[in-house]
Structures are given as C-alpha cells and as structure tokens.
Amino acid sequence: DGGITQSPKYLFRKEGQNVTLSCEQNLNHDAMYWYRQDPGQGLRLIYYSQIVNDFQKGDIAEGYSVSREKKESFPLTVTSAQKNPTAFYLCARSKNGGNSGNTIYFGEGSWLTVV
Amino acid sequence: AQSVTQPDIHITVSEGASLELRCNYSYGATPYLFWYVQSPGQGLQLLLKYFSGDTLVQGIKGFEAEFKRSQSSFNLRKPSVHWSDAAEYFCAVGPFTNAGKSTFGDGTTLTVKP
C-alpha cells in the first residue's frame, strides 16, 4: 500500500446526514490531501493540510470539512450541505507540502453512496 | 495557470503491441510531472516521475516517459503491453498544493485486446 489507510471502503449515507471518512498515515509525513473522483473524470482537490492544526481549501471544498489534530490523521466529513456527495474519495500523503516537487501517494479510496 | 491535458479518453491496443499515452501540460516554470495508474475501484499507484535531469524516465512495470519541453509533453510509453496493463492512467503536474489549479488530467482508459 502507499503507507496510508482509508476506511471504510464503502459507506452509505442517507439524505441530510453527515458522514466522516477516515484517513491515517504511518510514515510521519507532513502533508495530507483529500480528492474526489467522479466516474470518467479526473481528481479534484477538496482540502489539503501541510502541517498539524492547519489546512487549506482546495478546488471544491464547499460541503466538506476536515481536521488535522494529529499528524497521522486527516478525517474528511461530508456534510449535508454537499448536494451531490456520491463519489469515490481518495486520501493522499506527501513528505511535505509547499511549492516543491513532492510526490504524493494515495490510499485505496472510499466509496460514498447516498441512499 | 497550471493544467494538464490528456487528449485520448480511451485507447485500445492488442496484447504485445506498443503503447503511447499522451500528456500535455501548461506550467510557467520547470514542471514536476507524474504518471499514475488506477485499477477499477482502487487508489492511484505511481508509475514514474520527472523532476529534473535525464528527460527519459524509467518507471515500474516496464513503463517509461519522455519529457519534451519544446512540446510541453510528457508521454508515457511501453514497448509491449500485457493484459494486466488495462487500467486508467493519469498524468499530473505538481506542485500539488496550488489550490484552484487543475493538477491531474482527466485520465486515459486503456483496454487491451487478447
């Protein structure tokens, strides 16, 4: 694997509910990321965090929230404000963030379906 | 603005044939370029990356890519495709924390015919 674990693999959400996707990394890397992938499309950045207790919005942050209380954990909450949450969610890590050529490594992803 | 274009949405090749997947980028400085592969329902796996130096980069699974600054391209190649190479391939340009900029291409789906 990429040193990063996502859970659960499959999650179902009812309309109006918040759900939280877990992402844990064990390589002591500084930066973590959340991407959304829709069928037949590329990846879109939701949020990223370069250090503990700090995170930045990506391209499509509306309807999502994150926290970075510990270096190894970067959970993503999909709130009821996200109108079209059904998608594949990918968490990723890199040694450090910033404007450098860091390589990012992905987890195995989580499928979220609204029922 | 930073962007990546993969002109081919879907490519079909016969097993044993050669493969080239195209990637064009737009970036104001020397880019950091990556190719990832994704099997259905899985995360993305890094195939290779280019930061600087030799413009021909070797990766895992027999893949290579060539950086051509004059053409703003970073095409992925493999001399002989195996059935297990069927997957989706993504080109990406870093750095990854430039929020609001498109850093991944939309992907190319590779089908391998027996």
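Since every read-out is calculated from the coordinates, none of them should be taken as a lab result. What you see is a predicted model; the values in this text were computed from it and never measured. Positions of Cβ are backbone-derived with ideal geometry, glycine not excepted, and every protein chain shown enters the neighbour counts.
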>> If you take every DSSP beta bridge fully contained in the protein assembly as shown, what fraction is antiparallel? Give it as a percent rounded to 5.
In response: 90 percent
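When only Cα pairs under 8 Å and 6 or more residues apart are kept, what is the percent relative contact order across region B:14-114?
34 percent
Please label the shape of chain A as rounded, prolate or oblate, based on the square roots a ≥ b ≥ c of the eigenvalues of the alpha-carbon gyration tensor (a/c under 1.5 means rounded; beyond that, a/b larger than b/c means prolate, else oblate).
Since a/c reaches 1.5 and a/b is larger than b/c, the shape of chain A is classed as prolate.
Please give the charge dipole size of the protein assembly as shown, origin at the Cα centre, charges +1 on K and R Cβ atoms and -1 on D and E Cβ atoms. Round to the nearest 20 debye.
220 debye
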> Across region B:3-113, how many lysine pairs, 8 or more apart or on two chains, come within less than 26 Å at their alpha-carbon atoms?
Replying inline: 9
> Taking the protein assembly as shown, how much of its Cα-Cα pair set, in percent, is spaced more than 30 angstrom apart?
Replying inline: 23 percent
>> 5 Å is the cut-off here: which amide hydrogens, built 1.01 Å from N in the peptide plane, fall below it relative to B:GLY107, excluding neighbours closer than 5 in sequence?
In response: B:GLN6, B:CYS91
> aspartates and glutamates near A:LYS70 by alpha-carbon distance under 13 Å, same-chain residues fewer than 8 away left out - which ones?
Replying inline: A:GLU24, A:ASP30, A:ASP54
> What are the ³J(HN,Hα) values, in whole Hz, obtained from phi via the Karplus relation 6.51 cos²θ - 1.76 cosθ + 1.60 with θ = phi - 60°, for each residue of region A:26-32 in sequence order, with x given for Gly and Pro?
Replying inline: 10, 10, 6, 7, 6, 9, 9
